[in-house]
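**Student:** Here it is, the structure, as structure tokens.
Values quoted throughout were computed directly from the atomic coordinates according to the rules given, and no laboratory measurement underlies them. Note that the coordinates shown come from a computational prediction; the quantities given were computed from them, not determined experimentally. Heads up, the Cβs are rebuilt from the backbone with ideal geometry, glycines too, and the neighbour counts pull from every protein chain shown.
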Amino acid sequence: MRQSRNLWVLALLVLTWSACGGGGGEAKNPSGLFVVTQEGRAGYIDRQGRMVIPPQFDRAFGFTERLAVVQLGGRYGYIDEEGRYVINPRYDDAFSFREGLAAVRVDGRIGYIDPKEKMVIPPQFDEGGDFAGGIARAVVGGRTGYIDKSGRFVINPRFDRGGKFSQGLAAVLVEGRWGYVNRDGEMVIEPQFDEAYEFAEDLALVKAGTVVGFIDKKGSFAISPRFENASSFSEGLAAIGDGGRGGYIDKSGEVVIPSQFESVAPFAEGLARVRVDGRWGYIDREGKTVISPQFDNAFDFNGGLAEAVLGGAQLYIDREGKPVWNSGSPAPAPGSSP
């Protein structure tokens, strides 16, 4: 929900199965602003590595719909791209704006506000998800359903768990098995999977027993379950893992980048991060190394830059691997040369 800098990674042998999430990735970065941390405070730089919003927050998150969640003094609020408070820090928790609404937590309950801080949907849910196509996941009394932008349940809360709608379908858990419902609440793919994730590029990652594969919107296997681990498809390829090594397949299930890496992650902006000999670097769609493995940790490219960690320092690198920001070096102010 809240846009995080730490995007989902497929770490082979330890695949993190989130609560029916996984692999879809975050939106691009139209703001051109990136979260940085300096001396325990969070602020924002631009693509040139210039400090645009000085570090002043306890925590900060990426911009969506021109607003970003920040935390100060244990409370959450929202700033604009100039760093001005649009909504003062007053909430127990707050999440990114999607389709004009953002989930906020008040006295343990989730409601939804608009950018002018009108409480459009009063706090009443145990949990609440992002809006997608006008529908959001909502949990009441341990049961998951889906609401519209008025807060009305359009799919009654009858599922054990549920994921976000993607490409018209949402994964839901019923008596220990995952299936998929459509926007009318009809079960179009019967519960049968051990795990199920959002549809991405017309295919969904599912787990059957101890292996994973991909189904189409009819519930038929487009790629038979035979991999130990996998990510959802991104930019036409999916990361897969077998025998402690990772590679990539295309939508026919053919291995196009052989399993050779210690860890792999989905493609983003034409590059994917991979780990070799304990270090992270980046490859292109041909499997060619573009940025040599050198980082202690690394994250997806988003808006032309990628966050990386080296020797305890936070970096942002460009597509050539050159740092535009280093937490150990002072950042120039806007209008000056980086």
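**Student:** Rg and Dmax of segment 205-326 over Cα atoms: what are they, in angstrom?
**Tutor:** Radius of gyration, then largest Cα-Cα span, for segment 205-326: 15.2, 48 Å.
**Student:** Setting aside same-chain residues fewer than 8 positions from Lys149, which lysines have a Cα under 19 Å from its Cα?
**Tutor:** Leaving aside lysines fewer than 8 places away in the same chain, those within reach of Lys149 are Lys116, Lys118, Lys164.
**Student:** Still on this structure, please answer the following. Short version: ³J(HN,Hα) in whole Hz for each residue of segment 41-55, in order, from phi by Karplus 6.51 cos²θ - 1.76 cosθ + 1.60 (θ = phi - 60°), x for Gly and Pro, what are they?
**Tutor:** In residue order, the calculated couplings are 10, 9, x, 9, 10, 9, 5, 8, x, 8, 6, 9, 10, x, x Hz.
**Student:** Something else: Counting only residues 5 or more places away or on other chains, whose amide H sits under 5 Å from the amide H of Phe95 once H atoms are built in the peptide plane?
**Tutor:** Ala103
**Student:** Just name one of Phe165, Gly129, Ile110: the one whose Cα is farthest towards the positive end of the charge dipole of segment 107-184 (beta-carbon charges, Lys/Arg +1, Asp/Glu -1).
**Tutor:** Phe165
**Student:** Taking a spot 7 Å from the Cα of Glu186 along the direction of its beta carbon, which residues of segment 210-250 have an amide N less than 17 Å from it?
**Tutor:** 217-220
**Student:** What is the spread of the Cα atoms of segment 82-149 along each of their three principal axes, largest first, in whole Å?
**Tutor:** 39, 27, 15
**Student:** Return the loop-located trypsin sites (Lys or Arg not before Pro) in segment 20-105 (DSSP other than H, G, I, E, B) with at most 15 other Cβ atoms within 10 Å of their own Cβ; answer none if there are none.
**Tutor:** Sparse-neighbourhood loop trypsin sites (Lys or Arg not before Pro): Lys28, Arg66, Arg84.
**Student:** Residue-wise, which Karplus ³J(HN,Hα) couplings in Hz belong to segment 142-150, taking 6.51 cos²θ - 1.76 cosθ + 1.60, θ = phi - 60°, and x for glycine or proline?
**Tutor:** For segment 142-150, the Karplus-derived couplings read x, 10, 9, x, 9, 10, 9, 6, 8 Hz, x marking Gly and Pro.
**Student:** Hey, if you put +1 on the Cβ of every Lys and Arg and -1 on every Asp and Glu Cβ in segment 165-308, which of Asn302, Gly270, Ile240 ends up farthest toward the positive end of that dipole?
**Tutor:** Farthest along the dipole direction, towards plus: Ile240.
**Student:** Apply the Karplus curve 6.51 cos²θ - 1.76 cosθ + 1.60, θ = phi - 60°, to the phi angles in segment 93-110 and return the couplings in whole Hz, x for Gly and Pro.
**Tutor:** Karplus values, whole Hz, x for Gly and Pro: 7, 8, 9, 5, 6, 9, 6, x, 10, 9, 7, 9, 10, 10, 6, x, 10, 9.
**Student:** Which GluC sites (Glu not before Pro) does segment 155-203 hold that lie in a coil by DSSP with at most 11 other beta carbons within 10 Å?
**Tutor:** Glu175, Glu186
**Student:** Treat every Asp and Glu Cβ in segment 100-256 as -1 and every Lys and Arg Cβ as +1, leave all other atoms uncharged, and give the resulting dipole magnitude about the Cα centre to the nearest 20 debye.
**Tutor:** 440
**Student:** Using a basic spin-label model with each label point 7 Å from the Cα along Cα→Cβ, how many nm lie between Met119 and Val211?
**Tutor:** It works out to 5.2 nm between the two label points.
**Student:** Under a point spin-label approximation (7 Å from Cα along Cα-to-Cβ), what is the Asp202-Arg59 distance to one decimal in nm?
**Tutor:** Going from the Asp202 label point to the Arg59 one covers 3.9 nm.
**Student:** To continue, here is another question. Roughly how big is the chain's charge dipole about its Cα centre, with Cβ charges of +1 (Lys, Arg) and -1 (Asp, Glu), in debye to the nearest 20?
**Tutor:** Details: 38 positive and 44 negative charges, 111 e Å.
Dipole of the chain, to the nearest 20 debye: 540 debye.
**Student:** Set the Förster distance to 51 Å, then compute FRET efficiency between Asp107 and Lys288 from the Cβ-Cβ distance, nearest 0.05.
**Tutor:** For Asp107 and Lys288, the calculated efficiency is 0.45.
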